[in-house]
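Here, each number is a calculation from the coordinates, and none is a lab measurement. Bear in mind the structure is a predicted one, so any value in this text is a computation, not a measurement. In this analysis, Cβ positions are derived from the backbone assuming ideal geometry, glycine residues included, and neighbour counts consider all displayed protein chains.
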Amino acid sequence: MNRPAYFITGTDTGVGKTAISCAIISLLVARGFKVAAMKPVAAGGRLVDGVLHNEDVDSLIQEANVLLPQELVCPFLLKEPASPNLAAAIEARSVDVTHIATCFQQIRAQAEAVVVEGVGGFYVPLADHASVADLALALGLPVILVVGLRLGCINHALLTSAAIRAKGLKLAGWVANHIDPSMIFSDGNIATLEKWLDAPRLGTVPYLQSLECAGDYLNLDLLHEISLKRK
Ligand SMILES: Nc1ncnc2c1ncn2[C@@H]1O[C@H](COP(=O)(O)OP(=O)(O)OP(=O)(O)O)[C@@H](O)[C@H]1O
Ligand SMILES: [Mg+2]
């Protein structure tokens, strides 16, 4: 059986990684997969009944249909909303990519599909000598790039694509995500990225009032790894 797993990165922080990760999870669930989510490093937490929570982690856990403890979904849930290397240092912790890889293997053993949301952009430092790119490499996953459509996104998308390939990883696809309703020339930006990014565009998600239907704008059949299994 094919067991798809993807690493979701973005052109920046706040570009829709969580929104698109949740949409992909819900589409995989609808196809009959047992789907687990992971957000290995999250920076920015609030205490609820004495337990540290992060919005992304909560959203991903809610969307997935394989129930897992929060410590496995997010082994490094950091309190401060800062670059993870800094947020971890404040707590005298250090993000350990090897530990994350161990958690990922445990999750993978319990699920048919896994969606892993990165943190920030692809070169964000996690620790002194480890970045998000190193994490994606340690997990060995094909990458889906969420492009937040705004001025500058072409450069950010192309740099990220080059960084993904420089790690020897596969850019499995990309998503054009309308995060700015006032953006002009978005069609031209998308057309340019179509030409320059050597990977399928999985969809263009409009600026939505409710992100629940974001999956309606994605075509997972373009990810050949999962095209065989349907409900
Ligand atoms: N297509 C869209 N239409 C409208 N709002 C959107 C869309 N995509 C994302 N957003 C909004 O943009 C904001 C950032 O989205 P999201 O949290 O998914 O980004 P992210 O890349 O996961 O951010 P982070 O780096 O914090 O993890 C959220 O408020 C989200 O609701
Ligand atoms: Mg997020």
Can you pull the one-decimal nm distance between simple spin-label points at VAL51 and ASN155, each 7 Å off the Cα toward Cβ? 4.3
Pairs LYS34/LYS79; LYS79/LYS170; LYS17/LYS170; LYS79/LYS167: which are spaced more than 23 Å apart, C-alpha to C-alpha? LYS34/LYS79; LYS79/LYS170; LYS79/LYS167
Per residue Cα convex hull volume for the range 61-102, in cubic angstrom? 90
For the range 196-223 and the range 109-128, what is the centre-to-centre distance using only Cα atoms, to the nearest Å? 20
Can you compute the label reach from ASN2? Point 7 Å from Cα along the Cβ direction, backbone N cut-off under 17 Å, restricted to the range 136-155. 141-144
So how do 70-76, 80-86, 169-175 stack up, highest first, on mean other-Cβ count within 10 Å? 169-175, 70-76, 80-86
Taking Rh as the Kirkwood radius computed over alpha-carbon pairs of the range 49-165 and applying Stokes-Einstein at 25 °C with viscosity 0.890 mPa s, one gets a diffusion coefficient in µm² s⁻¹ of 158
Any chance you could list the semi-axes, whole Å, largest first, of the equivalent ellipsoid that the Cα gyration tensor gives for the range 142-220, using √(5λ)? 21, 15, 10
Gyration tensor on Cα atoms of the range 1-105, a ≥ b ≥ c root eigenvalues, a/c under 1.5 rounded, else prolate if a/b beats b/c, else oblate, says prolate
Please order PHE33, PHE122 by the number of other Cβ within 10 Å, starting at the fewest. PHE33, PHE122
With springs connecting C-alpha atoms under 10 Å apart, model the chain as a Gaussian network and identify which of GLU117, GLU55, GLU63 has the largest mean-square fluctuation. GLU55
Projected onto their principal axes, the Cα atoms of the chain stretch, largest extent first, over whole-Å spans of 46, 39, 37
